[in-house]
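Q: My structure is below; once you've seen it, I'll send some questions.
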Amino acid sequence: MTRFQLDDSTLVSIINGSSIGMLLVQEDGTIVFANYKAEHIFGVTSGTLTGSSIATLLPERLRADHTGNMARFFASPESRPMGVGRKLVGLHSKGMEIPLEIGLSPITIQERLYVLASVVDISDRERAEILEESNKALQYDATRDPLTNLPNRRLLVEFIENARNLAVRNKGRMAFLFIDLDGFKQINDQYGHSEGDHVLREVAAAIREQVRKSDIVGRLGGDEFLMCLTEVSDSAHVNSIANKLVKAISTIEHVDGTTIPIGASIGVVITGMTHDVVIDDVIKAADQLMYQAKQSGKGR
């Protein structure tokens, strides 16, 4: 077998074939070698980086700090691997700034100390991160009621399905409280939708005060809200919560200094949970019971 020989030209070919930019810099900041990838990152023609100052690859506002950082590195040379938070802003030949991730390695050549700077343009990665954050925000907006910031019906049902799976395993019961406001149409008609929106936010706050961390609450739309109680042990506790809700909502007497008549009627369904239970059917049943509460005089 022929022994592989690594000569200088082969080594340069390997370095130039790297997908990471490499700059070999001496102590005064002069670049003595740059591979093809580094030239591509900074948008320069082949061979033009060699002999220039590393500072020219940075925006002018950062050059003084960089000079100090270089001096400290050569005074105490220590490898600083890429991917541990070391980032820098570079300057493209066309004048635009580019975010970079860098690694630094001290190298001694012929008894002289150099620093090998490994450079990666993370513009695409940052754009991807921004896009991901944007998508998360859009997803959040798509599952939240913009007025009250409560889960909307879509997210509410998803939460309930997850809670149902836990209840099935534990052979537990859940309670569904369908809450509809009394007199809300008159508030909108008399005081306007802005006042009505304020009332809905006050109602959402009142409902939040009655829930435990394990409970679920959301806005179905209009003036309808749904509360789902998990780990229900007895109906008396559920009825107590429902009555507290009716009282809390009825005590919202003033909005922006205006006296308002507001109340709530609630339909309650308590059920054991199996995989055969259809959540939409349970919500409809609670809705029908809420309607019976309204027909019986409201506020109950």
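The values are calculated or read from the model by the stated rules, or taken from the named source; none is laboratory data. Note that the structure is a prediction, hence the values are computed from the model and not measured. Cβ coordinates were reconstructed from backbone atoms using ideal geometry, including for glycine residues, and neighbour counts include every protein chain displayed. What goes into the accessible areas is simple: the full protein's heavy atoms, side chains included, and nothing from ligands, DNA or RNA. Shrake-Rupley method; radii C 1.70, N 1.55, O 1.52, S 1.80 Å.
Q: Quick one: Gly47 ticks every box in (1) out of contact with any strand residue (DSSP E or B) (no Cβ under 6 Å at 6 or more places or on another chain); (2) on the phi < 0 side of the Ramachandran plot; (3) not hydroxyl-bearing (Ser, Thr, Tyr) bar one, so which box is it?
A: Checking Gly47 against (1) out of contact with any strand residue (DSSP E or B) (no Cβ under 6 Å at 6 or more places or on another chain); (2) on the phi < 0 side of the Ramachandran plot; (3) not hydroxyl-bearing (Ser, Thr, Tyr), the one that fails is (2).
Q: Given the conditions (1) farther than 25 Å from Arg154 by Cα; (2) buried (at least 20 other Cβ atoms within 10 Å of the Cβ), report the number of the one that Glu253 does not fulfil.
A: All conditions are met except number (2).
Q: Among the residues of segment 45-81, count how many are more than 38 Å from the chain's Cα centre (by Cα) and within 19 Å of His92 (Cβ to Cβ).
A: So the count comes out to 8.
Q: When you go through Gly183, Gly222, Gly218, Gly196 one by one, which is the residue that is closer than 19 Å to Gln288 by Cα and modelled with pLDDT under 90?
A: Gly183
Q: State yes or no: is Ile283 closer than 21 Å to Arg169 by Cβ and at pLDDT 85 or above?
A: Judged against the criteria, Ile283 is not a match.
Q: Count, please, the residues in segment 208-223 that happen to be under 20 Å from Thr143 (Cβ atoms) and out of contact with any Lys or Arg (no Cβ under 9 Å at 6 or more places or on another chain).
A: Number of matching residues: 7.
Q: Please work out which one of (1) crowded, with 21+ Cβ neighbours inside 10 Å; (2) touching a helix residue (DSSP H, G or I) at 6+ places or on another chain (Cβ under 7 Å); (3) closer than 30 Å to Thr274 by Cα is the condition Leu181 fails and give its number.
A: For Leu181, the failing item is (3).
Q: May I ask you to list pairs of residues, at least six apart or on different chains, whose Cβ atoms are under 6 Å apart, with the first in segment 62-84 being among the small types (Gly, Ala, Ser) and the second being modelled with pLDDT of 90 or more and open to solvent by less than 60 Å² (accessible area, probe 1.4 Å)?
A: Once the first residue is among the small types (Gly, Ala, Ser) and sits in segment 62-84, its partners that are modelled with pLDDT of 90 or more and open to solvent by less than 60 Å² (accessible area, probe 1.4 Å) give Ser79/Ser105.
Q: Tell me which of these His275 doesn't satisfy, since it passes every other one: (1) surrounded by fewer than 16 Cβ atoms within 10 Å (Cβ to Cβ); (2) touching a residue at least 40 places away in the same chain (Cβ under 8 Å); (3) within 24 Å of Arg144 (Cα to Cα).
A: It is condition (3) that His275 fails.
Q: Still on this structure: Taking segment 256-272, which residues are open to solvent by 50 Å² or more (accessible area, probe 1.4 Å) and either at pLDDT below 85 or not β-branched (Val, Ile, Thr) (or both)?
A: Asp256, Gly257, Thr259, Pro261
Q: For segment 184-219, which positions are open to solvent by less than 10 Å² (accessible area, probe 1.4 Å) and either over 12 Å from Ile249 (Cβ atoms) or outside any helix (DSSP H, G or I) (or both)?
A: Selection gives Ile187, Gly196, Gly218.
Q: Answer yes or no as to whether Gly17 is farther than 16 Å from Ile98 by Cβ, open to solvent by 60 Å² or more (accessible area, probe 1.4 Å) and not hydroxyl-bearing (Ser, Thr, Tyr).
A: yes
Q: On to the next question. Taking the stated definitions as given, is Asp234 surrounded by 15 or more Cβ atoms within 10 Å (Cβ to Cβ) and of a type in the set (D, E, K, R)?
A: Answer is no for this residue.
Q: Here's a follow-up. Quick one: count up the residues across segment 111-132 that are touching a helix residue (DSSP H, G or I) at 6+ places or on another chain (Cβ under 7 Å) and at pLDDT below 90.
A: Counting residues in segment 111-132 that are touching a helix residue (DSSP H, G or I) at 6+ places or on another chain (Cβ under 7 Å) and at pLDDT below 90 gives 1.
Conditions tested, residue by residue: (1) open to solvent by less than 60 Å² (accessible area, probe 1.4 Å); (2) closer than 21 Å to His40 by Cα; (3) small (Gly, Ala, Ser); (4) at pLDDT below 90.
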position: Gly51; (1), (2), (3), (4): yes, yes, yes, no
position: Ile54; (1), (2), (3), (4): yes, yes, no, no
position: His66; (1), (2), (3), (4): yes, no, no, yes
position: Ala71; (1), (2), (3), (4): no, no, yes, no
position: Ser79; (1), (2), (3), (4): no, no, yes, yes
position: Val84; (1), (2), (3), (4): no, no, no, yes
position: Leu88; (1), (2), (3), (4): yes, yes, no, yes
position: Ser93; (1), (2), (3), (4): no, yes, yes, no
